[in-house]
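Everything on this sheet refers to the single structure shown next.
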8 protein chains.
Amino acid sequence: MKPLVGIIVGSDSDLPLIKETTSILEKLEVPFEITIGSAHRTPDFVAEYVNTASARGIKVLIAAAGLSAHLPGVVASKTLLPVIGIPVDGGPLNGVDALYSIVQMPGGIPVASMAIGKSGARNAAVFATQILALADEKLAEKLKVYRQEMSESVKEKAKRLSEMGIEKYIDEKE
Amino acid sequence: MKPLVGIIVGSDSDLPLIKETTSILEKLEVPFEITIGSAHRTPDFVAEYVNTASARGIKVLIAAAGLSAHLPGVVASKTLLPVIGIPVDGGPLNGVDALYSIVQMPGGIPVASMAIGKSGARNAAVFATQILALADEKLAEKLKVYRQEMSESVKEKAKRLSEMGIEKYIDEKE
Amino acid sequence: MKPLVGIIVGSDSDLPLIKETTSILEKLEVPFEITIGSAHRTPDFVAEYVNTASARGIKVLIAAAGLSAHLPGVVASKTLLPVIGIPVDGGPLNGVDALYSIVQMPGGIPVASMAIGKSGARNAAVFATQILALADEKLAEKLKVYRQEMSESVKEKAKRLSEMGIEKYIDEKE
Amino acid sequence: MKPLVGIIVGSDSDLPLIKETTSILEKLEVPFEITIGSAHRTPDFVAEYVNTASARGIKVLIAAAGLSAHLPGVVASKTLLPVIGIPVDGGPLNGVDALYSIVQMPGGIPVASMAIGKSGARNAAVFATQILALADEKLAEKLKVYRQEMSESVKEKAKRLSEMGIEKYIDEKE
Amino acid sequence: MKPLVGIIVGSDSDLPLIKETTSILEKLEVPFEITIGSAHRTPDFVAEYVNTASARGIKVLIAAAGLSAHLPGVVASKTLLPVIGIPVDGGPLNGVDALYSIVQMPGGIPVASMAIGKSGARNAAVFATQILALADEKLAEKLKVYRQEMSESVKEKAKRLSEMGIEKYIDEKE
Amino acid sequence: MKPLVGIIVGSDSDLPLIKETTSILEKLEVPFEITIGSAHRTPDFVAEYVNTASARGIKVLIAAAGLSAHLPGVVASKTLLPVIGIPVDGGPLNGVDALYSIVQMPGGIPVASMAIGKSGARNAAVFATQILALADEKLAEKLKVYRQEMSESVKEKAKRLSEMGIEKYIDEKE
Amino acid sequence: MKPLVGIIVGSDSDLPLIKETTSILEKLEVPFEITIGSAHRTPDFVAEYVNTASARGIKVLIAAAGLSAHLPGVVASKTLLPVIGIPVDGGPLNGVDALYSIVQMPGGIPVASMAIGKSGARNAAVFATQILALADEKLAEKLKVYRQEMSESVKEKAKRLSEMGIEKYIDEKE
Amino acid sequence: MKPLVGIIVGSDSDLPLIKETTSILEKLEVPFEITIGSAHRTPDFVAEYVNTASARGIKVLIAAAGLSAHLPGVVASKTLLPVIGIPVDGGPLNGVDALYSIVQMPGGIPVASMAIGKSGARNAAVFATQILALADEKLAEKLKVYRQEMSESVKEKAKRLSEMGIEKYIDEKE
């Protein structure tokens, strides 16, 4: 199936984090492609990747980067597709630098910032799917199921907690 | 024309900021609706507003709030539509509180955070339009023009600066 | 005994922290109940839990959450009972995000924020008990004893330190 | 009527802010007393004020301070009554220092922190009333009305906005 | 004279700040050119400007930007010339976002960050001149004189202060 | 009378702030001297000033600086006299930069940091006097009176507030 | 020998850190005493300890605390002796809370803040000794030697580095 | 070969970090020297080292320091050579203190700040080389190759990722 979501990460050290993104896309059966491209080390490769994305059928782009994290903004400057940014945690500032760099985009060229690190990596997948689901009822249905499962899982845990009490619950979890 | 974008602000004191959002939507001829609803003061009104949004034809929701800024997350918890959050500047922390509260959503329920304040308010409109443009070629065309104008305007300024020099440029601008 | 304090946590990963809360409530013999509910994943479950709390005899609610930490505010929006919030440490921002989200509530809907993490989890129990003790002299007496013990324990340590000197004290403690 | 809420501020420069607190207490007809006492400049006066509060019939204490803001914690160390802290905005750090100092209390001696500045000053009054309302049904009723009015006011604004549109709404408000 | 320093600003609203840079370059008689180019709105213009800089004789590039401030990094990714970055103050985060975005460059593509705002704008000029002075003894001499004047001016003020006393000194200065 | 306290400020723009320091020293009749010296612009002047301080009879040094604020540390590196640092507020970071730079001295060369801005400027004078008072009973007596006056002034305000009520108190103060 | 420096820590968990302080005092042969006292858990013990300090011959007080860290300020409010504060690192905010709480004292009641954690613990000892050395030439001499040794040690390392090169130096150190 | 770059670190504990700097200089065959000097513990040694640097043929100075990190600024105050600062990560604030202290230099005496920690240590070497390459075509060529290799390495990884898929890529890397 042709990929609808294009993922680009600033460094291969970001891949374990981005695994959180791809796992959810796989679960929701959203076809995606993934590459590595640095805004600073391979600007031309990034430009070409982004410039051709739309023609390849990509509808949403996800870009992840840490530290000064220019990648999502640089991607956004070269396309009219929606760009979702994931601030990678790590480095001495633990991702606050990446968050500021990704979210504080000037007027006209938006990047949709997700949370720093793991939660953000997951939500990038969900948000991309929410966009795609606007034009795909089956996907909308899958999202609904995904959210129901999430909700059921919390309720299940609540039930188990009420049955077992906090001490036993913690013991079993460990 | 039936609104495609639903905007909800946490307080009417946010409206002057959100004017930046609506001006761009108007310019791009994206039909929208706007209301006031507080996650804490009128949770039921917010719930109802969001629950019925999809049925009303809304495709994208924009929520703006300051301080603890729970509104975008609360909106997102009640819909599968993409939700864009605008952290309102103001208050003693000047919007950092709102940014953290909007962007740091836990895995599963994404909010797409824009920049704090004016830039974010503008970009919420552009980003919503980018999503809608995936299914609307005329809108995609308008976005392209919008971005070209933006680009032309910067180049024009560069040209005037090179002609006038920095001192004269600043003088005339003031 | 019917619970007087209702505790709700955003995720079962918060339970080890919240054990600090329940241990003190147990020690002070304050009856409590505890459940898991997510402001975003199970908003309806949270609403129902809170809406029925007062009728169940609950007098004080304690809500713990991390990251964007909307739970305490969402709880507070649905009840007139006092709500105590515990910002859970963890995540790349280590709980500053949760603190801001919990403490910066807009005028009208208060949440009483405790410290981030362990100290806050403990103090939520003590503060809830202080509220209940206003109408329960026996509880007030227990609190008094609790505080005296705390005070005695510090004085005991001071005495041991003065007898042993700092080096021996540290050695024995390790 | 004998005061039930005791308010203490660290400096008379905090009084305009604390007017937000007393206005709401007056509106809700909660009798209160107010004084000025510095944790550092008049520690003995503060100690005496707090030590005698319970005997005077005070049920809840509210303490407001800026900068290093030790007052709420010092008050809490001398009483078993619930203590609510208001971090005063102002100074070069704009109240972040006061927030940290008030909220980060060590285990055993809680202070219930409200938001920095105006929202916090308001919520201290509401939260104190919520505590008192646990033992006073008329007060509970007043709180309910207060919150309904708040809710109605937001809905009214939403209605006016939908009738007038954003531009006219902003114009009239200014 | 052919410009040796190329200055590029992200927006014409940065020009009053950058006047601090150009004034010092003029004083030190360092020939420079200045243009406006946005990393996001006119990426191609920026790329071309930077790609041709070396051929035009430019030895040092200065880039100033605010908010997410990708410009200096984007410039650095396209040249081997030394790039000096000025984080523009302004916006709700007052330039901390711009600082992090400029200074936290990943390994391999350096940007030399100056201070946020005015001090940084001045020092960009001085630092650029220090680089050029390595190959230009006359320039080194001018820098030496510039620094001596700066030093003399401080000593003069110290002398006046010792003669007048602090009160009179402040009065005259105002 | 020979000065006992030596004050050095990084720039004459710091003098209005430092007036808070000198006023208290004058009130407490502590003889002092004041000069301007920059750690970076006039390092030799600073070195000489500090090197000769002890021989001139100076017992305590006070150094005030903003931004990167190296002055107090540079002063401390050249003397065994106690050095008190005042972080000057101002600049885009409003003195947090100066605070960190002054307070985070490495082991071995201490600087005693006061609060950022006005409170710090006042307390530098009080702290210097406290040091001098260890060897001067008259000065200790003056400090005692100073603190009593401070205490009385707070109590007086408390009394006025209790007589007038908060509204009238605020009105009269304005 | 009668102690001249009184050290008080907020909790016995601070003792390993404060060992850095006592080691240097021992090395410099400055007699000291040390106790544990909590501003919140044992306010009366702290008050008595401080009130009697001067009579016991104490000249300088050192107070260490973490989190909301009121101890140094509370100590300072009860004495005219110089008070040195050590912000203890640890807790979710890693000592920034303690730093703000200690350093941001309001005008009139100074606390001399040292660095957060280990460097601060060391410097509290050095700074206390610098104060005492004003009235004790032998101590001044010891301080001079202490600083010379520190200086020699750095120079020795520089010499070894120049002889061995960076690689071998690192290898041997590990 | 005579060293062109002079590196000075504040403490020998910074050497493992600075190894990142020297490795790149070695790779690019830029001759350098390295020493240890503390702005506070050995100010005279630092002064002498810097004063004689130019005469020794040094063209660029690199200074690394943590905590209050005055070293780069102190170095810059004594020379007209370009000074590059590396904020060392570590300590309770993890290098934010060092960053502010290094980058926030007042107007007139610039320090070129690199990123905190490892990225900064690497980039100091690259930036120094970029300066030297202005007058050395061979060096410019080496830099070009270095950057191409960096670019190739990213592209290689992208290729491998596209061949292997994310899961296998991560597995092999671990």
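The values are calculated or read from the model by the stated rules, or taken from the named source; none is laboratory data. This is a predicted model, so every value here is computed, not measured. In this analysis, Cβ positions are derived from the backbone assuming ideal geometry, glycine residues included, and neighbour counts consider all displayed protein chains. For accessibility, only protein heavy atoms count, side chains too; no ligands or nucleic acids. Shrake-Rupley method; radii C 1.70, N 1.55, O 1.52, S 1.80 Å.
Looking at the structure I just gave you, is A:VAL88 at pLDDT 95 or above, more than 9 Å from every other protein chain (Cβ to nearest Cβ) and under 17 Å from H:ILE166 (Cβ atoms)?
Working: at pLDDT 95 or above: yes; more than 9 Å from every other protein chain (Cβ to nearest Cβ): yes; under 17 Å from H:ILE166 (Cβ atoms): yes.
It is true that A:VAL88 is at pLDDT 95 or above, more than 9 Å from every other protein chain (Cβ to nearest Cβ) and under 17 Å from H:ILE166 (Cβ atoms).
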For the stretch D:130-150 the number of residues that are more than 9 Å from chain C (Cβ to nearest Cβ) and of a type outside the set (Lys, Arg) is 7
Among the numbered criteria (1) closer than 30 Å to E:TYR100 by Cβ; (2) of a type in the set (A, V, I, L, M, F, W, C); (3) free of Cβ contacts under 8 Å to residues at least 40 places away in the same chain, which single criterion is violated by A:VAL145?
(1)
Taking the stated definitions as given, is H:ALA47 hydrophobic (A, V, I, L, M, F, W, C) and over 15 Å from the mean Cα position of the chain (by Cα)?
yes
Being touching a Lys or Arg at 6+ places or on another chain (Cβ under 8 Å), more than 9 Å from chain B (Cβ to nearest Cβ) and hydrophobic (A, V, I, L, M, F, W, C) is the requirement here; does A:ILE166 meet it?
yes
Here are some conditions: (1) farther than 18 Å from A:ALA124 by Cβ; (2) aliphatic (A, V, I, L, M); (3) more than 10 Å from chain E (Cβ to nearest Cβ). A:LEU67 meets all but one. Which one does it not meet?
(3)
Is it true that A:THR22 is away from chain E (no Cβ under 11 Å) and more than 15 Å from A:GLY120 (Cβ to Cβ)?
no
Condition set aliphatic (A, V, I, L, M) and not in a helix (DSSP H, G or I), scope the stretch D:6-19, selection farthest from F:GLU156 (Cα to Cα): answer is D:ILE7
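Would you tally the residues in the stretch G:161-174 being out of contact with any helix residue (DSSP H, G or I) (no Cβ under 8 Å at 6 or more places or on another chain) and either touching a residue at least 60 places away in the same chain (Cβ under 8 Å) or open to solvent by less than 50 Å² (accessible area, probe 1.4 Å) (or both)?
Within the stretch G:161-174, residues that are out of contact with any helix residue (DSSP H, G or I) (no Cβ under 8 Å at 6 or more places or on another chain) and either touching a residue at least 60 places away in the same chain (Cβ under 8 Å) or open to solvent by less than 50 Å² (accessible area, probe 1.4 Å) (or both) number 1.
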I need a count of the residues in the stretch E:20-54 that are charged (D, E, K, R), in contact (Cβ under 8 Å) with a residue 24 or more places away in the chain and part of a helix (DSSP H, G or I).
2
Taking the stretch A:25-51 and keeping residues among the β-branched types (Val, Ile, Thr) and open to solvent by less than 10 Å² (accessible area, probe 1.4 Å) leaves A:VAL30, A:ILE36, A:THR42, A:VAL46, A:VAL50
Going through the stretch B:50-85 one residue at a time, which ones are at negative phi and among the small types (Gly, Ala, Ser)?
B:ALA53, B:SER54, B:ALA55, B:ALA63, B:ALA64, B:ALA65, B:GLY66, B:SER68, B:GLY73, B:ALA76, B:SER77, B:GLY85
Do the conditions hold for C:PRO3, that is, is it touching a strand residue (DSSP E or B) at 6+ places or on another chain (Cβ under 7 Å), at negative phi and either outside any loop (DSSP other than H, G, I, E, B) or without any contact (Cβ under 8 Å) to a residue 60 or more places away in the chain (or both)?
yes
Can you list the helices (runs of 4 or more DSSP H) lying wholly within the stretch D:61-160 that have 2 or more residues being touching a helix residue (DSSP H, G or I) at 6+ places or on another chain (Cβ under 7 Å) and open to solvent by 40 Å² or more (accessible area, probe 1.4 Å)?
D:118-133
Which of the residues spanning the stretch A:1-18 are crowded, with 18+ Cβ neighbours inside 10 Å and not polar (S, T, N, Q)?
A:LEU4, A:VAL5, A:GLY6, A:ILE7, A:ILE8, A:VAL9, A:GLY10, A:ASP12, A:ASP14, A:LEU15, A:LEU17, A:ILE18
The correct count of residues that are among the polar types (S, T, N, Q) and touching a strand residue (DSSP E or B) at 6+ places or on another chain (Cβ under 7 Å) in the stretch C:75-126 is 2
In the list F:GLY120, F:GLY85, F:GLY107, which residue meets the criterion of being touching a Lys or Arg at 6+ places or on another chain (Cβ under 6 Å) and either more than 27 Å from E:VAL88 (Cβ to Cβ) or among the polar types (S, T, N, Q) (or both)?
F:GLY107
Which numbered condition in (1) in contact (Cβ under 8 Å) with a residue 24 or more places away in the chain; (2) farther than 15 Å from F:SER11 by Cα is the only one that F:VAL96 fails?
(1)
